[in-house]
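*Asks:* Handing you this structure, nothing more for now.
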């Protein structure tokens, strides 16, 4: 069926615009009356209204004339109501309903439930982040479990990045403090407050992320106590020597504190 169009013609010539408007409205009403002869009257009338509304903003004169000619042809065919026109209308209505109401998909049959076999027992699995969960051999991991682990990994990675950034800032501030101290600057001790604040932030981050794997725990403890590690120890990863160094440094620190207490008591 030929598409039906509407015209809202605008022109500087008021008389021409009025004539076009009258002709358009007359064709619109006559088309609605002609569609009442058919059984599919509601569908045809709705299609006419939709097409008239869709083309109400057309202002091109050649396009207006073309649309008026098409509407005249459609009106003539609807008035005749011959078998060919009736067949075309029926086909148009059938296509219209196919587009508006597509057939529903058949419901898929439920899969047969597979019972767990004797060897398919839940196994406690530990993720590299330290989180533990159960996994059944031969069964696909649920999507919800995967998303939970993914979110935990993202959260832990953010904490690790924050800790690494704080450690880098602590090292930079500590070097600045030592440099100014060697120069004999009296104002060098103002860095101590900054170092303490960074230490507190690192301690909070460490408590929230005890299972961090990117930073060695020994190095982490050394950084928190304000001690430096040699590059050789960090590269070789000799944990035993690092722990021994930490123990010796802690003992030296205790001796210094005891000496200061005794000297102050003697005075």
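The values are calculated or read from the model by the stated rules, or taken from the named source; none is laboratory data. In this text the structure is predicted, and so the values were computed from the model without any measurement. When we count neighbours, we look across all protein chains shown, and the Cβ atoms used for this are built from the backbone with ideal geometry, even at glycine.
*Asks:* How many residues are part of a loop (DSSP other than H, G, I, E, B), under 23 Å from residue 41 (Cα atoms) and at pLDDT 70 or above if we restrict to region 83-133?
*Replies:* Adding up the residues that qualify gives 0.
*Asks:* Just to be sure I understand, how many residues within region 147-170 are surrounded by 11 or more Cβ atoms within 10 Å (Cβ to Cβ) and over 30 Å from residue 195 (Cβ atoms)?
*Replies:* Number satisfying all stated conditions: 4.
*Asks:* Quick one: residue 139 ticks every box in (1) touching a residue at least 24 places away in the same chain (Cβ under 8 Å); (2) in a loop (DSSP other than H, G, I, E, B) bar one, so which box is it?
*Replies:* (1)
*Asks:* If residue 4 meets every condition in (1) at pLDDT below 70; (2) surrounded by 14 or more Cβ atoms within 10 Å (Cβ to Cβ); (3) in a helix (DSSP H, G or I) apart from one, which number is that one?
*Replies:* Just one mismatch for residue 4, condition (3).
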